[in-house]
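Contents: one structure, followed by commentary.
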Amino acid sequence: LLLEQRFPSLKIDQYVIMPNHIHAILDVGPDNQKNLSNVIGQYKMSVTKLARKKVAGFRVWQRSYHDHVIRNQVGYEKIWEYIENNPLKWEADCFYRNDGYY
């Protein structure tokens with residue numbers, strides 16, 4: 001089940017999937033503002049179920065997540081740019097490994 005189907009007012013505005021983390025701008029809409037943890041939980045559960053079809057015992061998620069409320073256009077543009085450019089900075093990340101394990 002896609003997140004947008006489960007949460008009809010959810011809009012995934014921008015995202016990037018990195019080797020060991022993801023970044024996303026989510027517009028949860030007025031009826032889901034108190035349910036961001038439900039959206040994240042559903043995402044983690046869906047990815048885990050798909051991964052376990054290929055790798056038994058898949059367990060990779062940290063317990064929580066980092067969120068930030070975007071309050072204005074300047075903040076939005078700054079975060080959008082960060083997400084857009086994050087893959088270009090991967091090799092400088094403190095968790096970077098070039099052996100395929102993250």
Could you quote the convex hull projected area for the chain, Cα atoms only and averaged over all directions, in nm²? 7.7
Apply the Karplus parameterisation 6.51 cos²θ - 1.76 cosθ + 1.60, with θ equal to phi minus 60°, to every residue of the range 87-97 and state each ³J(HN,Hα) to the nearest whole Hz, in sequence, with x for glycine and proline. x, 5, 9, 4, 5, 8, 5, 5, 9, 5, 9
Testing the spin-label approximation: label points 7 Å from Cα along Cα→Cβ at V69 and E81. State their distance in nm. 2.4
At 0.36 nm per residue, minus the direct Cα-Cα distance, what do D93 and M45 gain on full extension? Give it in nm, one decimal, please. 14.6 nm
With N denoting the number of residues in the range 42-102, provide Rg(C-alpha) divided by 2.2 N^0.38 Å, to two decimal places. 1.49
Which order do peptides 59-71, 4-16 fall in by mean Cβ count within 10 Å, highest first? 4-16, 59-71
Could you check which residue among P87, P30, P19 shows the biggest mean-square fluctuation in a GNM of the chain with a 10 Å Cα cutoff? P30
For the chain, set up a Gaussian network in which alpha carbons nearer than 10 Å are linked by springs, and say which option among N85, N72, N38 fluctuates the most. N72
Hey, any idea what % of the chain's accessible area is carbon plus sulfur with a 1.4 Å probe? 53
Choice from K54, K78, K44 with maximal GNM fluctuation in the chain (Cα, 10 Å cutoff): K54
With a 1.4 Å probe and all protein chains left in place, how much accessible area per residue does the range 6-60 have, in Å²? 70
Projected onto the charge dipole of the range 1-91 (+1 at Lys/Arg Cβ, -1 at Asp/Glu Cβ, origin at the Cα centre), which of A24, Q73, S37 gives the Cα projection farthest towards the positive end? S37
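The values are calculated or read from the model by the stated rules, or taken from the named source; none is laboratory data. The structure displayed is predicted, hence computed values, not measured ones. Because the Cβ atoms are built from the backbone with ideal geometry, glycine has one as well, and the counts that use them run over all protein chains shown. Areas reflect the complete protein model, heavy atoms only, side chains present, ligands, DNA and RNA absent. Shrake-Rupley method; radii C 1.70, N 1.55, O 1.52, S 1.80 Å.
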